[in-house]
1. Using a basic spin-label model with each label point 7 Å from the Cα along Cα→Cβ, how many nm lie between Ala66 and Arg19?
2. Give the order of Thr52, Thr9, Thr17 when sorted by the count of other beta carbons within 10 angstrom, beginning with the fewest.
3. Rounded, prolate or oblate for segment 1-74? Axes are the square roots of the Cα gyration tensor eigenvalues, ordered a ≥ b ≥ c, and the cut-off for rounded is a/c under 1.5.
4. Could you derive backbone 3J(HN,Hα) for segment 35-46 from the dihedral phi with the Karplus parameters 6.51, -1.76 and 1.60 (θ = phi - 60°), listing whole Hz in sequence and x where the residue is Gly or Pro?
Amino acid sequence: MLLGLDLGTTNVKALVTDRAGRPLAHGSRPVRLFHVGDGGVEQDLDEIARATLEAIQETVRSVDAAGIEAIASPARAARRRCSMPKAGRWAAS
């Protein structure tokens, strides 16, 4: 089995497939957007991490997680710009 993750702008989605690509289980969790001045948008990285874990947990409830051989996630998620505001919390934009 394979686990795919989609860290989208408004949702984190997880999908488990067999080796032929047939869907076996899926899960999803919302992620909030915070609109800031001048049309900017930020996201809370802690919330994204929680949503990712919850989507995975939802997905693997109906399959044997020990059978997952690989995990894939698009590189776009790695290109997000992150900054540490004065309050000490991470923000993604």
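None of the figures in this text is laboratory data; all of them are computed from the coordinates on show. Note that this is a predicted model, so its numbers are computed, not measured. Note that each Cβ is placed from the backbone with ideal geometry, even for glycine, and that neighbours are counted across all protein chains shown.
1. 1.9 nm
2. Working: Thr52 19, Thr9 8, Thr17 15.
By the 10 Å Cβ count, ascending: Thr9, Thr17, Thr52.
3. prolate
4. Each residue's phi maps through the Karplus curve to give 7, 10, x, 6, x, x, 9, 10, 9, 8, 5, 5 Hz.
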